[in-house]
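The values are calculated or read from the model by the stated rules, or taken from the named source; none is laboratory data. Computed from a predicted model, the values in this text were never measured in an experiment. No Cβ is skipped: glycine too gets one built from the backbone with ideal geometry, and neighbour counts run over all protein chains shown. Calculation scope for accessible area: heavy atoms of the full protein, side chains included, ligands and nucleic acids excluded. Shrake-Rupley method; radii C 1.70, N 1.55, O 1.52, S 1.80 Å.
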Amino acid sequence: MREVTTGHALRAWLRARRAEGRQVGFVPTMGALHEGHLHLVDEARRRADVTVASIFVNPLQFGAGEDLVRYPRPLERDRLLASGRGVDALFLPDVGEMYPPGAATRVVPGPAADRWEGAARPGHFAGVLTVVAKLFHIVQPDVACFGQKDWQQAALVRQMVRDLDFSLEVVVVPTVREPDGLAMSSRNAYLDATDRAAAGSIPAALRALVARYRAGETDPAALVAAARAVLDVRPEVAAEYIAVVDPGTLEPVAPARDDAVAVLAARVGPTRLIDNVILGQGIG
Ligand code: PAF
């Protein structure tokens, strides 16, 4: 696996690959890789000839008081995992490479950024879309893979690709889960044993919501109540939002329908976790 720290060097290497007629798959990450990221790599490799992954903890998408400084950065482990899974080039820019002095332009997300994660984390999605747009310009992938766990992020990236005429396919890969159903996330590392056990109630809440939907309930308020009832018995877990939304606009929908997505954010002790489920699919 090749490691590259500058956009200039990565572009040069990719230019040569494209000249050989190869298609490029891309997996942007902030590192602390887990099986969820590695599934994105698998998908990129299935769909393209050359796979590029990036690791960049993007300061622009962290708010004041968030976990930018303590975000896990196990670089040596990440290198081994990425190369073991078949990443061809690992892009490791530093902050100065991505945001040289004077860099001031931002991507303004559409209205789907105003709710849920966007409301809880002002400026977050402008930061995400700005770095993703820059990475897309550097890598110029044919296909880019994002995880379903960050549904709102994936929806906004899709919209940016459409609205700003990026020429690539965005693929959303199903969430990879721990045996108790907890969605894999780099932030799970923050959970102590008690909170980790309690976090299993998040997928359980989404399962309860889907079970109620499958039983014929289409009133979003009743579906959300079914999920809340599961979380409410765990004192360590405080729901921030649970809603049944349109998959593209992220606006609440009523009645609930198969393609609607139940989105959820909760604090488990000091750790904030998100998850979601497509009603017609459920959690496997
Ligand atoms: O999902 C993430 O890890 C980040 O938001 C991303 C897409 C790599 C942008 O920094």
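Values as computed for the structure displayed
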item: Label point distance in nm, GLU251-LEU168, each placed 7 Å from Cα along Cα→Cβ; result: 3.0 nm
item: Per residue accessible area of the chain, 1.4 Å probe, in Å²; result: 44 Å²
item: Inter-label distance for ALA19 and GLU178, nm, one decimal - labels placed 7 Å from Cα along Cα-to-Cβ; result: 4.8 nm
item: The range 1-109: C-alpha gyration tensor shape, a/c 1.5 cut-off, then a/b vs b/c; result: oblate
item: GluC sites (Glu not before Pro) lying in DSSP loop within the range 1-64, provided at most 14 other Cβ fall within 10 Å; result: GLU20
item: Overall form of the chain per C-alpha gyration tensor (a/c, 1.5; a/b vs b/c); result: prolate
item: Cα gyration tensor shape of the range 1-58, rounded if a/c is under 1.5, else prolate or oblate by comparing a/b with b/c; result: oblate
item: DSSP-assigned coil residues among trypsin sites (Lys or Arg not before Pro) in the range 1-79, each with at most 12 further Cβ atoms within 10 Å; result: ARG70
item: Mean separation of Cα contacts under 8 Å (6+ apart) over length of the range 159-284, as relative contact order %; result: 21 percent
item: Net charge dipole size for the range 16-112 [Lys, Arg +1 and Asp, Glu -1 on Cβ; Debye, nearest 20]; result: 200 debye
item: Accessible carbon and sulfur surface of the chain relative to its total accessible area, %, 1.4 Å; result: 52 percent
item: Relative contact order of the chain, pairs being alpha-carbon contacts under 8 Å that are 6 or more residues apart, as %; result: 17 percent
item: Probe 1.4 Å, all protein chains present, accessible-area order of ASP150, ASP165, ASP219, ASP67, largest first; result: ASP165, ASP219, ASP150, ASP67
